[in-house]
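S.K.: Below is a structure I'd like to ask you about.
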Amino acid sequence: MIDVREDDGVPYVARDCVGCGYCCIKTPCDASRRLYPGARRCPQLTWIENEHRYKCGLMMIAGPVGQGYRAELYAGAGCCSGLNSWRNDVKERDHLDMDFSWNPLDPVFQSFIKSLSQNFISSDSISLTILGMTTDLQNKGYSEREIDYIKANITHIFTQNSSKFSKEFIG
């Protein structure tokens, strides 16, 4: 189905959503950013193997809560990224191959890192802490690839939220 509408005098073409995951992976919605601050990929994005597509876990919630998310996220309104190449190649994407799109960090831990980053902490202290955590993750059986990705996520959240003073002083 192609739906042509006009918003503010500008034509808009919407196609049916094929569940490629492009929108949720590339640009998380406002609901995702509220619920999972710091995550670059929404943990609610779920690959449904037997349907060969992604679905939003928030939209699958029953009752008024789910209805609220479906209304907020324009369920059924169609795809507004109709030219993305993923529409023609719907598959489960490897979380680790995407630039900060897979965030294995618990939202509470992400909030902790964000709060910590706004304090004046030396880069040596941060490096030593991450080094200790790396050893712990190795002992728990995480692969080097997963550990590198987790460290990159922590560093990303930390640098995105550091105070201007800390950035100028620490570098």
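S.K.: For a 24 Å ceiling on Cα separation, which of these pairs sit above it: 55/91; 91/114; 26/55?
M.R.: 91/114
S.K.: Quick one: compute the contact order of region 107-170, relative version, from alpha carbon pairs under 8 angstrom and 6+ residues apart, as a percent.
M.R.: Relative contact order here is 62 percent.
S.K.: Tell me which residues come under 5 Å, amide H to amide H, from residue 54 once H is placed; ignore anything under 5 positions away on its chain.
M.R.: Amide H to amide H, under 5 Å and 5 or more residues apart or across chains, residue 54 pairs with 20, 21, 48.
S.K.: From the phi of every residue in region 125-131, what ³J(HN,Hα) in whole Hz does the Karplus formula 6.51 cos²θ - 1.76 cosθ + 1.60 yield, where θ is phi - 60° and glycine or proline is x?
M.R.: 4, 5, 4, 5, 5, 5, 4
Throughout, read-outs are computed from the coordinates displayed, never taken from laboratory work. This one's a predicted model, so the numbers in the text were calculated from it and none came from an experiment.
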